[in-house]
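Undergrad: This structure is in structure tokens; I'll ask about it shortly.
Computed from the coordinates by the stated procedures, all read-outs in this text should not be read as laboratory data. Remember, it's a predicted structure, so these values are computed and weren't measured experimentally. Heads up, the Cβs are rebuilt from the backbone with ideal geometry, glycines too, and the neighbour counts pull from every protein chain shown.
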Amino acid sequence: MGRLTGRSCIVTGAAQGIGRAIGEDLLANGADVCFADINSDKITDVVAANKERAAQGGGKVIGCGVDVTNRDQVRAMIETTVAAFGKLDVKFNNAGVNKPMNFLDVTEENWNFIMGINGLGVLIGCQEAAQQMIAQGTGGKIINTASIASRQGYDNVAPYCASKFAVVSLTQSAARDLAKHNITVTGFAPGVVETEMWEEVDRNLMDIGASQRPGQAMEEFSSEILRGRVAQPRDITGTTTYLASADSDYMTGQIVMIDGGMTLV
């Protein structure tokens with residue numbers, strides 16, 4: 001039996017990067033996993049690629065398209081998962097976006113786009129997962145993706161930083177409210193992770209004149225990492241699988257930093 005055998009999990013933002021890696025490690029440890037993302041075409045490919053991993057781990061895998069800012073779609077995603085797996089034990093609110101802009105150039109559109117997905121999406125995700133877990137009467141785990149940007153502000157990504165500070169606050173608030181239902185709420189804060197999202201951020205920073213060449217932003221951030229290198233998604237999954245497992249049952253309201261020692265708090 002795997003570490004997570006019998007556990008039903010949802011991971012949003014799971015079409016690529018950290019979200020996909022989280023889901024794949026959950027499968028490898030025996031969980032049933034719903035990979036969810038707004039990009040439903042990519043999710044179809046991810047599910048197909050993970051059929052064998054699910055079989056080897058002893059779990060099941062499904063995919064679901066979802067806009068995490070749309071409550072009806074989030075409810076439908078949870079209903080689909082429960083119909084397939086019988087229950088919901090673990091919900092990862094991982095979907096997130098970034099669109100760098102110089103501080104004085106930040107627009108309402110930019111702010112609302114980022115805060116909508118990274119902030120409101122986490123609120124809705126926590127609420128709807130908790131409602132399902134409360135109805136089941138079995139408790140559960142909600143795990144939110146924060147960031148090093150949840151600990152300090154950066155000049156070219158102010159809305160992103162604000163949204164990740166919000167994730168920390170929502171994690172603490174939800175943990176306080178849901179403890180009576182035996183639901184724990186935790187989070188993790190990655191640093192610089194080599195993913196498709198960072199590649200896009202790198203291009204955006206060049207577009208606004210914050211860096212002059214491809215890879216410059218990642219190199220500059222990496223220079224502050226005590227471990228001496230950027231993270232790969234697999235560097236994150238040991239912690240995320242721990243948070244999804246019974247090993248973390250006595251933890252709630254906490255954010256675990258996984259940044260290679262970039263931000264010491």
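Undergrad: What is the magnitude of the charge dipole of the chain about its Cα centre, with +1 placed on the Cβ of each Lys and Arg, -1 on the Cβ of each Asp and Glu, and no other charges, expressed in debye to the nearest 20?
TA: That gives a dipole near 880 debye.
Undergrad: Okay, moving on. Just grab the label-to-label distance for Met251 and Asp72, each label 7 Å out from Cα along the Cβ direction, in nm (one decimal).
TA: 3.8
Undergrad: Could I ask something else about it? In a Gaussian network model over the chain where Cα atoms closer than 10 Å are linked, find which of Ala15, Ala174, Ala55 has the largest mean-square fluctuation.
TA: Evaluated over the chain, the most mobile residue of the options is Ala55.
Undergrad: Let me ask something else about it. List the residues, sorted by chain then number, that are 5 or more residues from Met257 or on another chain and whose placed amide H is less than 5 Å from its amide H.
TA: Ala189
Undergrad: Identify all lysines with a Cα-Cα distance to Lys141 below 28 Å; exclude those on the same chain that are fewer than 8 residues away in sequence.
TA: Correct list for Lys141: Lys42, Lys51, Lys60, Lys87, Lys91, Lys164, Lys180.
Undergrad: Using a 10 Å cut-off on Cβ atoms, rank the peptides 20-31, 245-256, 230-241 from the highest mean neighbour count down.
TA: Packing order, densest peptide first, comes out as 20-31, 230-241, 245-256.
Undergrad: Ok, one more. Over what distance in Å are the Cα centres of region 69-132 and region 1-41 separated?
TA: Their Cα centres are 16 Å away from one another.
Undergrad: When every alpha-carbon pair in region 99-228 is counted, what percent end up more than 20 Å apart?
TA: Summing the P(r) tail past 20 Å for region 99-228 gives 51 percent.
Undergrad: Taking θ = phi - 60°, what integer Hz values does the Karplus form 6.51 cos²θ - 1.76 cosθ + 1.60 yield along region 242-253, in sequence order, with x for Gly and Pro?
TA: Each residue of region 242-253 in turn: 4, 5, 7, 9, 5, 4, 9, 4, 8, 9, 7, x Hz.
Undergrad: Need one number: convex hull volume per residue for the chain, Cα atoms only, in Å³.
TA: Convex hull volume per residue, Cα atoms: 121 Å³.
Undergrad: Stretch Ile134-Asn112 to full length: gain in nm at 0.36 nm per residue minus the Cα-Cα span?
TA: Values: separation 22, 0.36 × 22 = 7.92 nm, distance 3.06 nm.
Contour length minus Cα-Cα distance gives 4.9 nm.
Undergrad: What value, in deg cm²/dmol to 500, does the helix sum -39500 (n - 2.57) over DSSP H runs of n ≥ 4 give at 222 nm once divided by the residues of the chain?
TA: -14000 deg cm²/dmol
Undergrad: Can you give me the angle between helix 158-178 and the longest principal axis of the chain, using Cα atoms only, in degrees from 0 to 90, rounded to the nearest 10?
TA: For helix 158-178, the angle is close to 30 degrees.
Undergrad: Once label points are set 7 Å from the Cα along Cα→Cβ at both Arg229 and Asn39, what is their separation, rounded to one decimal in nm?
TA: Placing both labels 7 Å beyond Cα along the Cβ direction yields 2.5 nm.
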